[in-house]
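Q: Okay, handing you the structure first.
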Amino acid sequence: MSAPLLEVSGARVTIGEATILKDASLTVDAGRLVAVVGPNGAGKSTLARAAAGLQPLTSGSVRWSGEDIGSLRGRRLARRRAFIPQRARVPGGLRVADAVAIGRSPHVGAFHRPTSADREAVARAIVRAGVGDLAQRQLTTLSGGELQRVQIAVALAQDAPALIADEPTSHLDLGAAASVARLLRGLADDGLAVVLVVHDLALAAAIADEVVVISHGRSVAGGPAAEVLERERLADVWRIDAQLETSPGRTALHVAWLGEPTTQMENR
């Protein structure tokens, strides 16, 4: 059997005196969307950054197609995965089309001009992300939803087989979040491996092939949303009385916002 496209095993990350990840694992194959969920401070974003090679591990391993990430540097790593940060920098004076073209950097050699293949890749990324009507706009004039789609276009221009998105729907309104969710689901359906760090459990359940729960720096569950996000685990990890409801194409999270903590939580 071939190795998974991405495999994170026993990841541990210590920054200063704080241990952020203690024992986190993640496996993603091409054409699959895996949602990483968990409470604030659980280590979700640190796991995403470690998988992308942006955060060194204290111990454990990250492998891309069986190859240890330590042997992948610069352009070689950039050709394996594209990373969409939680808070992207928005420079002034830069047009959308020019920003997307930056995504081709791993394929354009130093002191070389972009080729016709590079220009075609940028055009495809703009179309696939649905930002063609924004191509001549300045980044600083975009709404949150528009900017997030542009960031996805930048990632797509890399032509990497995997995309790691760190909370791309945070701070977006309902319509914009749904639009980004549909785009990411479509990219997975087209064959990309997608890792999505997200807080919205109903959204994760609606679009993910698999949900991985991170709690206190550990991966405590992984699998289909209906199995992983069951009531007892929601109580144990999020300390809330809640229940996930799913039907074809729809999800809902019923939360007892004003209810008392459940027995499971009181016994922790």
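The values are calculated or read from the model by the stated rules, or taken from the named source; none is laboratory data. In this text the structure is predicted, and so the values were computed from the model without any measurement. Because the Cβ atoms are built from the backbone with ideal geometry, glycine has one as well, and the counts that use them run over all protein chains shown.
Q: Scan segment 156-169 for residues that are under 12 Å from the mean Cα position of the chain (by Cα) and on the phi < 0 side of the Ramachandran plot and jot them down.
A: Of everything in segment 156-169, those that are under 12 Å from the mean Cα position of the chain (by Cα) and on the phi < 0 side of the Ramachandran plot turn out to be 162, 163, 164, 165, 166, 168, 169.
Q: From the list 218, 250, 239, pick out the single residue that is surrounded by fewer than 20 Cβ atoms within 10 Å (Cβ to Cβ), in contact with a strand residue (DSSP E or B) (Cβ under 9 Å, 6 or more places away or on another chain) and farther than 22 Å from residue 122 by Cβ.
A: One residue alone meets the criteria, 218.
Q: All but one of (1) outside the structural domain of residue 36 (by TED's automatic domain parsing); (2) in contact with a strand residue (DSSP E or B) (Cβ under 9 Å, 6 or more places away or on another chain); (3) surrounded by fewer than 19 Cβ atoms within 10 Å (Cβ to Cβ); (4) not basic (Lys, Arg) hold for residue 154, so report the exception by its number.
A: Among (1) outside the structural domain of residue 36 (by TED's automatic domain parsing); (2) in contact with a strand residue (DSSP E or B) (Cβ under 9 Å, 6 or more places away or on another chain); (3) surrounded by fewer than 19 Cβ atoms within 10 Å (Cβ to Cβ); (4) not basic (Lys, Arg), the lone unmet condition for residue 154 is (3).
Q: Working carefully through the options 35, 30, 3, find the one that is surrounded by 24 or more Cβ atoms within 10 Å (Cβ to Cβ) and touching a strand residue (DSSP E or B) at 6+ places or on another chain (Cβ under 8 Å).
A: 35
Q: Residues that are within 15 Å of the chain's Cα centre (by Cα): find the strands (runs of 3 or more DSSP E) completely inside segment 170-235 holding 3 or more of those.
A: Filter on segment 170-235 gives 193-197, 210-215.
Q: Give the residue, chosen from 117, 129, that is modelled with pLDDT under 95 and within 23 Å of residue 190 (Cα to Cα).
A: 117
Here is a yes/no grid of residues against (1) within 16 Å of residue 75 (Cβ to Cβ); (2) touching a Leu at 6+ places or on another chain (Cβ under 7 Å):
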{"site": "98", "(1), (2)": "no, no"}
{"site": "124", "(1), (2)": "no, no"}
{"site": "134", "(1), (2)": "no, yes"}
{"site": "140", "(1), (2)": "no, no"}
{"site": "161", "(1), (2)": "yes, yes"}
{"site": "166", "(1), (2)": "no, no"}
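Q: Determine whether residue 152 is of a type in the set (A, V, I, L, M, F, W, C), within 20 Å of residue 75 (Cβ to Cβ), under 12 Å from the mean Cα position of the chain (by Cα) and not in a loop (DSSP other than H, G, I, E, B).
A: So residue 152 fails the test.
Q: Of the residues that sit in segment 124-141 and are outside any helix (DSSP H, G or I) and buried (at least 19 other Cβ atoms within 10 Å of the Cβ), which one is farthest from the chain's Cα centre (by Cα)?
A: For segment 124-141, the residue satisfying everything is 131.
Q: Let me spell it out: the conditions are (1) in contact (Cβ under 8 Å) with a residue 24 or more places away in the chain; (2) under 30 Å from residue 120 (Cβ atoms), and residue 186 meets all of them except one. Which number is the exception?
A: (1)
Q: From 108, 96, which residue is in the same structural domain as residue 136 (by TED's automatic domain parsing), surrounded by 15 or more Cβ atoms within 10 Å (Cβ to Cβ), free of Cβ contacts under 8 Å to residues at least 12 places away in the same chain and more than 23 Å from residue 210 (Cα to Cα)?
A: 108
Q: Among the residues of segment 76-89, write down those that are more than 22 Å from residue 169 (Cα to Cα) and surrounded by fewer than 15 Cβ atoms within 10 Å (Cβ to Cβ).
A: Result: 76, single match.
Q: Name the single residue that is surrounded by the fewest Cβ atoms within 10 Å (Cβ to Cβ) among those in segment 38-75 being assigned to a helix (DSSP H, G or I) and hydrophobic (A, V, I, L, M, F, W, C).
A: The extreme case among them is 69.
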